[in-house]
1. Shape of segment 136-256 from its Cα gyration tensor (a ≥ b ≥ c, root eigenvalues): rounded if a/c is under 1.5, otherwise prolate when a/b > b/c, or oblate?
2. State whether segment 103-151 is rounded, prolate or oblate according to the following rule on the C-alpha gyration tensor (a ≥ b ≥ c being the square roots of its eigenvalues): a/c under 1.5 gives rounded; otherwise a/b larger than b/c gives prolate, and the remaining case gives oblate.
3. Pop a pseudo-label 7 angstrom from the Cα along the beta-carbon direction at both Ser285 and Ser36 and give the gap in nm to one decimal.
4. About the Cα centre of segment 225-309, how large is the charge dipole given +1 on each Lys and Arg Cβ and -1 on each Asp and Glu Cβ? Please answer in debye to the nearest 20.
5. If r is the Cβ-Cβ distance from Phe273 to Ser105 and R0 is 45 Å, what FRET efficiency results, to the nearest 0.05?
6. On the accessible surface of segment 141-216, probed at 1.4 Å, how many percent belong to carbon and sulfur atoms?
7. What nm value, rounded to one decimal, do you get for the distance between Val298 and Met45 when each label is placed 7 Å out toward the C-beta?
8. Grab the beta carbon distance between Val193 and Thr20, set R0 = 41 Å, and tell me the FRET efficiency rounded to 0.05.
Amino acid sequence: VVLYSDLYLQKLWTVYEIATFLLLFPDGCLQVLPVSFPRIAVGLMLLICISRLAFAIFYLPSFQEELLRHVPGYADFDGIDFLSMLVALPFMWALTMVCSAWARSQANIYESIQSFSISKAACQNEEDRAIVERNVAAFARHFGLVLPRARDSEALMTFDHLIHEEVPRLLDASLGSVGLPYRHAAMMFAIYVPYFFDTHVGMTLDGVDHGVAVMANFLWTVLVVFAIGPLSVALCFVFSKRLLLDAPGFCWYCRFLAVVLFSTMVYSVLMIFVANYMFAWSMESRTVLVVNGALTTVLVGITLQVYKRSQGSVIRRRLPSDRKESDFDVHLRSLSRGQWTSGRWSNYTPGLTSVDS
């Protein structure tokens with residue numbers, strides 16, 4: 001698991017960390033967690049809470065009376081659909097801003113990876129640099145990335161190339177095709193889980209506490225949290241990445257507004273004409289309830305497919321299983337046990353003959 005920030009590939013010891021992972025665990029699954037994701041998810045969750053609060057205020061009897069008294073023709077106007085789009089607009093505005101910023105951050109991450117060089121990585125104690133570079137060079141020789149008698153400079157250049165080639169693929173496999181993990185997208189809409197219990201209590205107080213109502217409410221919650229919400233986030237992110245990343249000046253503002261309006265429209269249509277209508281129809285018919293369950297399952301499956309992670313590539317290296325244990329293997333095992341010598345990790349560098357098959 002990598003807690004990623006802009007400094008991750010600029011510090012020598014974190015570079016050594018990812019070098020160890022890439023070479024020792026070529027089939028491993030790298031989990032990249034940008035440190036900004038929790039703040040983004042919580043912030044957008046708060047915006048959804050505010051939108052639900054707007055709905056609650058709108059349906060207060062006292063507020064409805066004020067509207068009837070001061071708004072001509074309001075008694076003949078059904079404003080639920082319009083209100084749904086209106087309260088979704090600030091959320092989609094903020095979401096598009098976040099998606100645009102994250103798309104730019106992703107582009108910067110890939111640019112920093114392509115310009116990476118271990119010799120330029122920052123190190124607070126320069127004595128550590130020789131230790132890390134010798135060990136990375138030894139890793140490269142041991143796993144057959146360079147010839148056993150290659151110079152350290154050649155081994156380090158090969159390692160730089162390995163970072164350029166492998167880390168972008170590992171990032172793609174970790175972040176998924178959307179560029180945002182599914183669990184973070186679903187967490188933004190997790191506020192609807194306690195809303196499910198709140199609605200259930202309300203139906204019980206109104207005398208509507210029966211199996212069909214509970215299942216219809218449950219399916220509505222699953223559909224919103226695990227399908228409609230994440231699909232809307234994916235749509236917004238993809239459009240932000242493709243339309244806003246390199247847009248110049250005034251064109252950026254026009255495209256930004258188009259992404260906000262389009263995302264709001266899609267989100268509102270899915271909420272009103274899929275989630276809400278299916279909930280209302282399911283309350284009246286068990287057959288529709290079964291159809292609702294099937295539709296929810298299909299949409300959740302589609303959403304999981306949209307967020308599906310790609311397979312990371314496998315580094316081709318020489319496996320040491322068919323040879324006798326070397327001093328280098330003993331050294332690796334001592335590192336894995338956490339042996340600590342003179343206040344730092346052991347800086348043993350194997351001789352050239354110890355890695356020769």
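The values are calculated or read from the model by the stated rules, or taken from the named source; none is laboratory data. The shown structure was predicted, so the numbers you read here are calculated from the model rather than taken from an experiment. Quick reminder, even Gly has a Cβ in these numbers, built from the backbone with ideal geometry, and neighbours come from all protein chains shown. Ligands, DNA and RNA are excluded from the accessible area calculation, which covers all protein heavy atoms including side chains. Shrake-Rupley method; radii C 1.70, N 1.55, O 1.52, S 1.80 Å.
1. oblate
2. Verdict is oblate for segment 103-151.
3. Here the modelled spin labels are 4.8 nm apart.
4. Roughly 260 debye for segment 225-309.
5. Once rounded, the FRET efficiency stands at 0.85.
6. On the way: 2210 of 3520 Å².
Roughly 63 percent, rounded to a whole number.
7. It is 3.2 nm.
8. That pair, Val193 with Thr20, gives E of 0.55.
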